[in-house]
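Working notes, structure below.
The values are calculated or read from the model by the stated rules, or taken from the named source; none is laboratory data. Note that the structure is predicted; figures quoted are calculated from it, not measured. As a convention, Cβ positions derive from the backbone with ideal geometry for all residues, glycine included, and neighbour counts pool all protein chains shown. Each accessible area value is taken on the protein alone, full model and side chains, heavy atoms only, with ligands, DNA and RNA left out. Shrake-Rupley method; radii C 1.70, N 1.55, O 1.52, S 1.80 Å.
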Amino acid sequence: MDNHDKLALPVGTTLDRFIMRKQEDFPYATGELSQLLRDFALASKIVNREINRSGLIDVAGAYGNRNVQGEEQQKLDVIANIRFIRALRNGGEVCTIISEEDEEMIQTGNVQGKYVVAIDPLDGSSNIDVNVSIGTIFSIYRRVSPTGTEGTAQDCMQTGTHQVAAGYVIYGSSTMMVYTTGNGVNGFTYEPSLGEFFLSHPNIQTPATGSVYSVNEGTSEYFSEGMKKYVAHCKEQNYSARYIGSLVADFHRNLLKGGIYMYPGTSKVPNGKLRLMYECNPLAFIVEQAGGKSSNGHRRTLELEPTELHQRCPVFIGSTEMVEKAEEFLAAEMKTAEAE
Ligand code: AHG
Ligand code: MN
Ligand code: MN
């Protein structure tokens, strides 16, 4: 670096410029997907501002409503939902949205829009009030119904392998957006004074193995035998237990450092808690693009057939070797059950 450069260090690649450059890699791309990613980035900046202010103004805390899963909605859940839906409506590329916060599909009115979106606008909402990292997760599909009409349930319930892009935003010690369009995973860190995301984590590759396991062990009484044995195995290996309770934050740490995140089916909740369309599938797409793996314990997450908008599924996601080891324990349990 010469003296002249040292006077003013380059700020790096902005998300907008990165998206534009990537678009040039696809000769027939019309720019709609790029615009859609920019819509997400814009809404996430606004949500980031609301989250940062939440300690100061009366937006933290319960809103008094319950969402479709019967969980208490937080004010920031509602705010984030409104912000993302509005950005997607105004952007014009999306015909239909499914959101954790809305029981029915949301028709944006953009019947010419070629894409459908599934979104968890605010993930980890129990952590809002206590200043712990939270996130947003999104998944993008090309519609299968013809343009000019409203999007259909068929558009919204495609298998995860059909995703054209997926990403998440983590509102943490810094705010980051991480996404894939099926050509690797890139992470961008928000620079609040400039109001821009900058490329900070190019081509993220997750380690093949790690030494962290993340699961809510408070529910272990209800784990299956295979699951109990796998957790015992993690302890024998001297892995560290890390569980924030915000999927995005637990996933992000394990993606960068190696590890496994699990939300298994239990005798109490046979399909676990997490939702296929806007939690498991987008993160499964990202983890695979980063060289990792995601399954329901037996089958690849991305190949699970959706049957309901808000369906839940067990998930084992993270470093490939760790997910495969967990699958081994669960398969052994199935064999024992068959033999009995
Ligand atoms: P959400 O806030 O979108 O409802 O998601 C909460 C999810 C996920 O973020 C987290 O990993 C999981 O719930 C924690 O659940 P438990 O408290 O049952 O472990
Ligand atoms: Mn969630
Ligand atoms: Mn949520």
Inset, instruction - Give E288, E196, E191 a once-over and let me know the one that is closer than 23 Å to D120 by Cα, open to solvent by 40 Å² or more (accessible area, probe 1.4 Å) and not assigned by TED's automatic domain parsing to the domain that holds M322. - result: E196
Inset, instruction - Take the range 39-62 and flag every residue that is at pLDDT below 95 and open to solvent by less than 60 Å² (accessible area, probe 1.4 Å). - result: E50, I51, S54, V59, A60, G61, A62
Inset, instruction - Name the single residue, out of those in the range 99-147 being aliphatic (A, V, I, L, M) and at pLDDT below 95, that is surrounded by the most Cβ atoms within 10 Å (Cβ to Cβ). - result: I128
Inset, instruction - Could you please find all residues in the range 296-340 being open to solvent by 50 Å² or more (accessible area, probe 1.4 Å) and among the aromatic types (F, W, Y)? - result: F329
Inset, instruction - Answer yes or no: is there a residue in the range 218-235 that is of a type in the set (S, T, Y), within 21 Å of G124 (Cα to Cα) and surrounded by 24 or more Cβ atoms within 10 Å (Cβ to Cβ). - result: no
Legend entry - Unique match (being away from ligand 3 (no atom under 16 Å from the Cβ) and closer than 20 Å to E100 by Cα) among E324, E305: E305
Inset, instruction - Considering only the range 63-90, state which residues are at pLDDT below 95 and away from ligand 3 (no atom under 14 Å from the Cβ). - result: G64
Legend entry - Conditions (1) without any contact (Cβ under 8 Å) to a residue 40 or more places away in the chain; (2) in contact with a strand residue (DSSP E or B) (Cβ under 8 Å, 6 or more places away or on another chain): number failed by G272: (1)
Legend entry - Residues satisfying the stated conditions in the range 106-126, i.e. out of contact with any helix residue (DSSP H, G or I) (no Cβ under 8 Å at 6 or more places or on another chain) and within 11 Å of ligand 2 (Cβ to nearest atom): S126
Legend entry - Residues of the range 179-188 that turn out to be hydroxyl-bearing (S, T, Y) and assigned to a strand (DSSP E or B), as a count: 2
Legend entry - Selection from the range 159-178 of residues that are small (G, A, S), buried (at least 16 other Cβ atoms within 10 Å of the Cβ) and not in a helix (DSSP H, G or I): A165, A166, G167, G172
Inset, instruction - Taking T336 as the residue in question, decide whether it is β-branched (V, I, T) and either part of a helix (DSSP H, G or I) or within 16 Å of ligand 3 (Cβ to nearest atom) (or both). - result: yes
Legend entry - Residue in the range 260-283 that is assigned to a helix (DSSP H, G or I), buried (at least 23 other Cβ atoms within 10 Å of the Cβ) and of a type in the set (V, I, T) present: no
Legend entry - Residue pairs meeting the criteria (Cβ under 9 Å; at least 6 apart or on separate chains; first among the charged types (D, E, K, R), in the range 113-128; second assigned to a loop (DSSP other than H, G, I, E, B) and near ligand 2 (Cβ under 9 Å from one of its atoms)): D120/E100; D123/E100; D123/S246
Inset, instruction - Answer yes if at least one residue in the range 86-95 is within 16 Å of ligand 1 (Cβ to nearest atom), buried (at least 23 other Cβ atoms within 10 Å of the Cβ) and of a type outside the set (G, A, S), and no otherwise. - result: no
Legend entry - Test: E32 is of a type in the set (D, E, K, R) and open to solvent by 70 Å² or more (accessible area, probe 1.4 Å): no
